[in-house]
Structure formats: structure tokens, C-alpha cells
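Contents: one structure, followed by commentary.
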């Protein structure tokens, strides 16, 4: 039982074996609030890696499966009160949609790393499967788990900025400033391989996070854009840098920049919004602060903390500690898992990115690529109907 007296949600994982960064992050996050229990997995195609990974997690060896297909078949055959309920997918991109589709059809909820698929057409098929399955689907846009992101969204919706005019979102990293794949980095290698990563490198990996954050906080949808992609390290097949001008359905204009060759940068995702009555700024590397620039008044730095009564309910619900005690990436992802587990038990719509976010993300990637190859100034955003 969890702290609320409800049974813990039983979870399986595909991918994330020994040596994989993001799988360990997911496992740490799902344990944080005590609502989830990892019961099975298919962690690696390498049998020894899979065995060692399961042993390190103290799992029943019989529930450490050799493949995701074997996992789904065996778990589906277990009694309802013992089988996995939610499958977490932390594989390279090309497996996200096939595994998610099979899991949904087998009767399991799904929580997947992004992007949700390799094409918008595949994503639309997955959306149809999810609708027919009656199961929940969540997407790991972790930055939506930060309390101050929800506070910013609340302030925009409440009219604190007035009508939005300008949106700037940037995501600079520096980890691919050199040929990491050529130096044996497996994470860099598959991200640079179109068959595994998809049609875009940098924009598909981190640009889609920036896009999702901009739409989520602003409450507006990008309608058309003008994009330029680049490759700065010789031998790469996919973009490692890009910039996008965009216009929204609410009349705002904006700039999105994503790059993995900004030497010296770590993970500097930053969002700035400006309206008739003020501006807001949030930086992922300083997530407990939200800068508010009201028109005609001094700048304010709003700080997170459970004792801050001015915070909106959505932000407060995602906080754990008093002001001055930093909460970060693991806590943000834990918020997504807690929301998902709670809503599985209560059978109501989860407040986590889902199928619609997957559709929008794939439409963004394909529209950026189309714009990059077009001579037209503006490219209309790809349709995202299911």
C-alpha cells in the first residue's frame, strides 16, 4: 500500500539497463513518493546486462524478460492482482511507438520517453490505438513537473501579463560539441542514427521539450514557423543545432532555439514570455525561481516553497519542501509519476502530457524539417487530428 492506503501501481520497464542514463532517472523518480512498485522488466537485449540490471533492482529473475514481447505476453497471463499495470518505455526512439501500441492493445497503461514516435503518421496510429484501448498514455515531458512552470502557466491564464506578445524559449546544451559518438559514447551514437533517433537530432531530442514548454505555459498553439537546422560536427547525419521563428493562434510571435553544440552549456532550458502588462522568465537550472517583470513596477523574483501562500494550487501540490530547499529534475519527474499513479487508481484524466502532446511534438518536428527544406518564408504547422 502507498501512503494514501491505495495499492501501489505495479510497473514494468523496457530499456534502461546497466549503463543507460535515463532508465535510472525514471526508477529514482518513480520511487520518490511511494505510489509505484517496479515488478518486472526487459532492460537490455544483452542477456547478461539484463540479468545484472534485474539483480541490482532485486527483482524476481523470472520477471526479468529477454524481450519486450516476452514481457507483455508473460505479464498478460498473470492473475489480475499480480500483473504489471503500467509499462515504462525508456528505449531508443524507434521502439517507442511499436512497444506502446502493443502494450496498450494488451491492456496496459503506458508512460513513454519522447518523442512518442518517429513520424506523425505513426503517432496518429498510436493515438487511435490508445483511444480504442481505454488505457492511459503519458509522455515524459519532465519539465511540466516543475512547480514554478505551473505557477507561470497560472499567472498567464489569470491575466498577469495581459495579452501575450512575445515568447522566447531556448535550450542550449554543449555535450555534443565534440564527436562523442566517434569516441564510443553509446547515448550519442544512437541519437545520431536516423533509423533509431528519427528524422531529427537536436530538434527531436531537446527542441521538442522547448516547444512543449512554450505551448504549455502560454496556453497558445504555434500555427506556422520558419526554421533553419544545422550540423556543426563533421560526419553527423542529423542536426545538432537549430532556430525557429514562430507565430501562435493567440497572436504572439516567438523564437525557439535548440542546440547541443553550445560549448560549455549544461542544460540551460529557459522560457521568457512578454505581454501588455509584464513579463515572466523561468530557467531550468534555477527552477525554484520565477522572475516577474510587471509593467511600471520593480522586478520580482518569486520563490518556491510549501509555505508560500501566494502560489497557485497546482504549484503547491507539486512541492515537498519549505522555501530555500531546492527541488529539481528528479522531483519534477516524480510529480509526473505521482499524478499518473493517482489517476490510474482514481480512473480520471491524468494531469501529465499525453497523446495530444505526442501528436503536437511530432507535428513540430516534421514542420521544422519541412520548413528547413522549403524556400517559403512560413510553413503552416502540420495537422494533428487523430
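This ranking places 257, 344 by how few other beta-carbon atoms lie within 10 Å of each, fewest first, which gives 257, 344. On full extension, the segment bounded by residue 263 and residue 48 gains 73.8 nm, given 0.36 nm per residue less the C-alpha separation.
With a ≥ b ≥ c taken as the square roots of the eigenvalues of the C-alpha gyration tensor of segment 304-386, please select rounded if a/c is under 1.5 and otherwise prolate if a/b is larger than b/c or oblate if it is not?
Details: a/c = 3.31, a/b = 1.95, b/c = 1.70.
It is prolate, given that a/c is not under 1.5 and a/b is the larger ratio.
For the pair residue 70 and residue 157, label points projected 7 Å from Cα toward Cβ lie 4.6 nm apart. Springs between Cα atoms under 10 Å define the GNM used for the chain, and in it the highest mean-square fluctuation of 234, 97, 195 occurs at 234.
Provide the FRET efficiency to the nearest 0.05 for the residue 295-residue 28 pair, computing r from the beta carbons and using R0 = 30 Å. Show your work: numbers first, answer last.
Values: r = 42 Å, r/R0 = 1.40.
Here the calculated transfer efficiency is 0.10.
When a footprinting reagent is the concern and you count Cβ atoms within 10 Å, what order do 186, 114, 8 take, fewest first?
Values: 186 13, 114 22, 8 16.
Listed from fewest to most nearby Cβ atoms, that is 186, 8, 114.
Full extension of the chain between residue 320 and residue 186 gives 44.7 nm of extra length, using 0.36 nm per residue less the Cα-Cα distance.
When you count the other C-beta atoms within 10 angstrom of each residue and take the mean per peptide, 210-223, 320-333 line up highest first as 210-223, 320-333.
In the chain, the longest principal axis of the Cα atoms and the axis of helix 329-346 are about 60 degrees apart. Cβ-Cβ distance of residue 121 and residue 58, R₀ of 30 Å, FRET efficiency by 1/(1 + (r/R0)^6): the value works out to about 0.15.
Axis angle, to the nearest 10 degrees, between helix 120-133 and the longest C-alpha principal axis of the chain: 60 degrees.
Between helix 96-105 and the chain, what is the angle of the helix's C-alpha long axis to the longest principal axis, kept within 0 to 90° and rounded to the nearest 10? The helix 96-105 is inclined about 60 degrees to the chain.
How would 132, 239, 339 line up from fewest to most surrounding beta-carbon atoms within 10 angstrom? Spell out each step's value before the answer.
Details: 132 10, 239 27, 339 20.
The order, fewest Cβ neighbours first, is 132, 339, 239.
What share of the DSSP beta bridges in the chain is antiparallel, in percent to the nearest 5? DSSP beta bridges in the chain are roughly 60 percent antiparallel. A straight chain from residue 234 to residue 373 at 0.36 nm per residue would run longer than the Cα-Cα distance by 48.0 nm. Inter-label distance, residue 6 to residue 78: 2.0 nm, where each label sits 7 Å from its Cα along the C-beta direction.
Report which label in (1) 22.7; (2) 21.6; (3) 31.3 holds the value of Kirkwood radius over Cα pairs in Å derived from the coordinates of this structure. The calculated read-out lines up with (2). For the chain, the relative contact order works out to 19 percent when only alpha carbon pairs closer than 8 Å and six or more residues apart are counted.
Take each peptide in 370-380, 31-41, 137-147, count the other Cβ atoms within 10 Å of every residue, and average; sorted highest first, the result is 137-147, 31-41, 370-380.
Each part reduced to its alpha carbon centroid, segment 1-62 and segment 109-178 end up 24 Å apart.
We did not get these values from a lab; they are worked out from the coordinates using the rules stated. Remember, predicted model here, so these are calculated numbers, not experimental data. No Cβ is skipped: glycine too gets one built from the backbone with ideal geometry, and neighbour counts run over all protein chains shown.
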